[in-house]
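What follows is one structure encoded as structure tokens, with my remarks underneath.
The values are calculated or read from the model by the stated rules, or taken from the named source; none is laboratory data. Keep in mind it's a predicted model, so treat the numbers as computed, not measured. Glycine gets a Cβ as well: all are built from the backbone with ideal geometry, and neighbour counts include every protein chain shown. These area figures cover heavy atoms from the full protein model, side chains too; ligands, DNA and RNA do not enter into them. Shrake-Rupley method; radii C 1.70, N 1.55, O 1.52, S 1.80 Å.
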Amino acid sequence: MRLLSWDALPDELRCEEVRPYYETLAAKRAQLAGKRCFDIVVAALLLVLLSPVFLVLAIAIKADSPGPVFYRQKRVTQYGRRFRIFKFRTMCDRADQMGSAVTTGGDVRVTRVGAKIRDYRLDEISQLIDILRGTMTFVGTRPEVPRYVEGYTSEMMATLLLPAGVTSTASIQFKDEADLLNGTDDVDRVYVEEILPLKMEYNLQDVKKFSLPRDLRIMLATVGAVTNRGE
């Protein structure tokens, strides 16, 4: 995983609020390279092992509701680059044109099969494709839609020093985010003004304390959180 030189960073990342986080990561270039090697090897292995699950999910999604198997929403990753994420579709087709970019508990856009997929976060396993492509990593700040990133503070921009992640400390702490937003009149406002800043506190700590062993602990904690949710 390549960390650009300070002078090569996009203008919005070259600020004093981001510099401490950059210097921390710059001192761990070997671990960043190891992180990318880990991503490639483990993602490739899991794609092979989980290929039957991919097939079952694809059939179930297509049989349950009209629309594509994958939801390809535009998100933001390392250095502010935009990409289209791979997620198994759990909502009706074109759901993003019918409401907020975030999902609430009991969201009517979620399909019958999609609700089951979400319970075990199986919609996220297709992001193994994104990991192999290099647009994502196993552990990192969850990728937000561009309009939310445009509202980041200068310090929040430090989360874009690394690729977007499938999981993170914030993902574990806010695993019931949809329920927190349930019944909210203005979902986007509450998410941006109340929930996102809290998640960013965890995300910034993940950047500041980055290490490969810590990444592994977060991955294991995520498995535990998903397992407990399903019980």
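Scanning the stretch 194-231 for residues that are of a type in the set (Lys, Arg), in contact with a helix residue (DSSP H, G or I) (Cβ under 9 Å, 6 or more places away or on another chain) and assigned to a helix (DSSP H, G or I) gives Lys199, Lys208, Arg214, Arg229.
Given the condition without any contact (Cβ under 8 Å) to a residue 40 or more places away in the chain, acidic (Asp, Glu) and open to solvent by 20 Å² or more (accessible area, probe 1.4 Å), answer yes or no: does some residue in the stretch 199-210 qualify? Within the stretch 199-210 (the criterion being without any contact (Cβ under 8 Å) to a residue 40 or more places away in the chain, acidic (Asp, Glu) and open to solvent by 20 Å² or more (accessible area, probe 1.4 Å)), the answer is yes, since at least one residue qualifies. Applying a threshold of 6 Å to beta carbon distances and a minimum spacing of six or more residues, or different chains, the list of pairs starting in the stretch 150-169 at a residue that is farther than 17 Å from Cys15 by Cβ and ending at one that is among the charged types (D, E, K, R) and part of a helix (DSSP H, G or I) reads Val166/Glu124; Ser168/Asp206; Thr169/Asp206. Among the candidates Val48, Val108, Val41, Val53, the residue that is loosely packed, with under 15 Cβ neighbours inside 10 Å, part of a loop (DSSP other than H, G, I, E, B) and over 19 Å from the mean Cα position of the chain (by Cα) is uniquely Val108. Of all residues assigned to the stretch 62-70, at least one qualifies as being hydrophobic (A, V, I, L, M, F, W, C), open to solvent by 30 Å² or more (accessible area, probe 1.4 Å) and closer than 24 Å to Thr227 by Cα. Within the stretch 149-190, the set of residues being closer than 30 Å to Glu23 by Cα and assigned to a helix (DSSP H, G or I) comprises Val149, Met156, Met157, Ala158, Thr159, Leu160, Leu161, Thr169, Ala170, Ser171, Ile172, Gln173.
Open to solvent by 50 Å² or more (accessible area, probe 1.4 Å), among the basic types (Lys, Arg) and either closer than 19 Å to Asp215 by Cβ or part of a helix (DSSP H, G or I) (or both): does that describe Lys35? Full working, then the answer.
On the way: open to solvent by 50 Å² or more (accessible area, probe 1.4 Å): no; among the basic types (Lys, Arg): yes; either closer than 19 Å to Asp215 by Cβ or part of a helix (DSSP H, G or I) (or both): yes.
Taking the combined requirement at face value, the residue does not satisfy it.
Only one of the listed residues (Ala30, Ala95) is within 30 Å of Ser5 (Cα to Cα) and more than 18 Å from the chain's Cα centre (by Cα). That residue is Ala30.
Quick check: is even one residue across the stretch 159-167 of a type outside the set (S, T, N, Q) and over 30 Å from Leu4 (Cβ atoms)?
Just the residues of the stretch 159-167 that are of a type outside the set (S, T, N, Q), to begin with: 160-166.
Next, from what is left, pick out any that are over 30 Å from Leu4 (Cβ atoms): none.
Among the residues of the stretch 159-167, not one is of a type outside the set (S, T, N, Q) and over 30 Å from Leu4 (Cβ atoms), which makes the answer no.
A search for C-beta distances below 7 Å between a residue of the stretch 114-126 that is on the phi > 0 side of the Ramachandran plot and any residue that is of a type outside the set (Phe, Trp, Tyr), counting only pairs 6+ apart in sequence or on different chains, returns Arg121/Val226.
When you go through Glu155, Glu150 one by one, which is the residue that is touching an Asp or Glu at 6+ places or on another chain (Cβ under 7 Å), at negative phi, among the acidic types (Asp, Glu) and open to solvent by 30 Å² or more (accessible area, probe 1.4 Å)?
Selected residue: Glu155, the only one of Glu155, Glu150 that is touching an Asp or Glu at 6+ places or on another chain (Cβ under 7 Å), at negative phi, among the acidic types (Asp, Glu) and open to solvent by 30 Å² or more (accessible area, probe 1.4 Å).
Test Arg82 against the stated conditions and say whether it is open to solvent by 70 Å² or more (accessible area, probe 1.4 Å), touching a helix residue (DSSP H, G or I) at 6+ places or on another chain (Cβ under 8 Å) and free of Cβ contacts under 8 Å to residues at least 24 places away in the same chain.
Numbers: open to solvent by 70 Å² or more (accessible area, probe 1.4 Å): yes; touching a helix residue (DSSP H, G or I) at 6+ places or on another chain (Cβ under 8 Å): yes; free of Cβ contacts under 8 Å to residues at least 24 places away in the same chain: no.
For Arg82, the condition - open to solvent by 70 Å² or more (accessible area, probe 1.4 Å), touching a helix residue (DSSP H, G or I) at 6+ places or on another chain (Cβ under 8 Å) and free of Cβ contacts under 8 Å to residues at least 24 places away in the same chain - is not met.
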